[in-house]
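Only one structure is covered here, and it is reproduced in the block below.
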Amino acid sequence: MDPQLLITNADAGTNDSEQLAKALAVLRAHGDVEVAATADQGELDGVLHRRGGRRLVVAGGDGSLHAVVAALHRRNELSDAVIGLLPLGTGNDFARGSGIPLDPEDAAELIVKAEPRPVDLIVDCTGEIVINNVHVGLGAQASRKAGKWKERLGRVGYPIGAALAAVNPPFVRLRIEVDGEEVADLAHPILMVSIGNNRTVGGGAELTPEADPESGKLDVMVSFAVGPLARFAYAAHLRRGEHHHRDDVLYVRGSTVSISGQSFYCSADGEVYGPERTRTWQV
């Protein structure tokens, strides 16, 4: 196996360290692996600067993978990079949607045996990237609410954030265009919008259940379920991954998505930013 550079979080807990040790044993049985623990963007850039032609392995969750891919994108080094993933995060949604085992030791076996394959990347109008999913409205509000709970409780923080956001959801009036065609206008309030490169968010919720990161398209889900009963029914269908079949949900695919209108927050790979008035994403 080609030499590999494994990037991990310097603040990883004891359980993560134990799982990483098992995965590392699998990788080192097949070749040379250097481990680099990084604590901030500066350290990550320094590690990437000396990677040479080595393949990368990211030991972490969606946030860690996002950080490495974003850094490579800024350095214009993404096109020739090969990246493996050992899922050690709380959500691991990119791994779930990409067929990567959630057990780090099994994921290491996949890195050793599988052939690299290209996957899609979302890039927005400011040059920022999204590897998994970006959402607006209720989903972004849930991410904002889940932040402090995720730090304390891990994956359990996601449903807590969603429950808190559902008490007073932020209905917004937005104009949404997909490949230049208007699919939603300012006349109808929106519960949430999701632009998916992959299926799940929040540790397994299939927000864009038909998304495929190798399709060359983005899946766009728009929910107009703003009434109390409609929201309840929407949530029930969402838990079963069937919400995109509802009459008050729009589900389309495209290469470019633009959102404008009332100020809104976005949650991209779990990172919340805003308020925004307009934003465009393309695959």
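The values are calculated or read from the model by the stated rules, or taken from the named source; none is laboratory data. Since the model is a prediction, treat every value here as computed from it, not as a measurement. Here Cβ is always computed from backbone atoms with ideal geometry, including for glycine, and neighbour counts include all displayed protein chains. Quick note on the areas: whole protein, heavy atoms, side chains included, nothing else; ligands and nucleic acids left out. Shrake-Rupley method; radii C 1.70, N 1.55, O 1.52, S 1.80 Å.
Under 7 Å between Cβ atoms, at least 6 apart or on separate chains: pull out the pairs that start in segment 207-234 with a residue that is within 15 Å of VAL193 (Cβ to Cβ) and in contact (Cβ under 8 Å) with a residue 12 or more places away in the chain and end on any residue that is acidic (Asp, Glu) and not in a strand (DSSP E or B). Qualifying pairs under 7 Å: ASP219/GLU210; SER223/ASP248; PHE224/ASP248; ALA225/ASP248. Residue count for segment 242-279 satisfying the condition of being closer than 28 Å to ALA67 by Cβ, part of a strand (DSSP E or B), open to solvent by less than 40 Å² (accessible area, probe 1.4 Å) and not aromatic (Phe, Trp, Tyr): 10. Cβ separations smaller than 7 Å between residues 6+ apart or across chains give the following pairs from segment 102-126 residues that are closer than 15 Å to LEU20 by Cβ to residues that are assigned to a loop (DSSP other than H, G, I, E, B): LEU102/ASN92; PRO104/LEU88; ALA107/ILE100; ALA107/PRO101. Against the conditions (1) under 16 Å from THR38 (Cβ atoms); (2) open to solvent by 30 Å² or more (accessible area, probe 1.4 Å), ALA70 satisfies every one except (2).
Table: residues versus (1) more than 18 Å from ASP2 (Cβ to Cβ); (2) in contact with a Phe, Trp or Tyr (Cβ under 9 Å, 6 or more places away or on another chain); (3) part of a helix (DSSP H, G or I); (4) among the hydroxyl-bearing types (Ser, Thr, Tyr).
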| position | (1), (2), (3), (4) |
| --- | --- |
| LEU86 | no, no, no, no |
| THR90 | yes, yes, no, yes |
| GLU109 | no, no, yes, no |
| ARG117 | no, no, no, no |
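Which of the residues belonging to segment 67-86 are under 18 Å from ALA10 (Cβ atoms) and in contact with a Pro (Cβ under 8 Å, 6 or more places away or on another chain)? Result: LEU86, single match. Taken over segment 211-241, the criterion of being touching a helix residue (DSSP H, G or I) at 6+ places or on another chain (Cβ under 8 Å) and either loosely packed, with under 15 Cβ neighbours inside 10 Å or assigned to a helix (DSSP H, G or I) (or both) is satisfied by ARG231, TYR234, ALA235, HIS237.
Among residues of segment 103-129 being among the acidic types (Asp, Glu) and more than 18 Å from the chain's Cα centre (by Cα), the one that is most open to solvent (accessible area, probe 1.4 Å) is GLU115. Within segment 189-207, the set of residues being in contact with a Phe, Trp or Tyr (Cβ under 8 Å, 6 or more places away or on another chain) and open to solvent by less than 20 Å² (accessible area, probe 1.4 Å) comprises ILE190, LEU191, ILE195, ASN198, GLY203.
Scanning segment 39-65 for residues being closer than 15 Å to LEU86 by Cβ and either open to solvent by less than 60 Å² (accessible area, probe 1.4 Å) or part of a loop (DSSP other than H, G, I, E, B) (or both) gives a total of 10. Across segment 154-185, which residue is modelled with the lowest pLDDT among those that are part of a loop (DSSP other than H, G, I, E, B) and open to solvent by 60 Å² or more (accessible area, probe 1.4 Å)? Among those that are part of a loop (DSSP other than H, G, I, E, B) and open to solvent by 60 Å² or more (accessible area, probe 1.4 Å), it is ASN168. Only one entry in LEU20, LEU27, LEU6 is outside any helix (DSSP H, G or I) and either on the phi > 0 side of the Ramachandran plot or in contact (Cβ under 8 Å) with a residue 12 or more places away in the chain (or both), namely LEU6.
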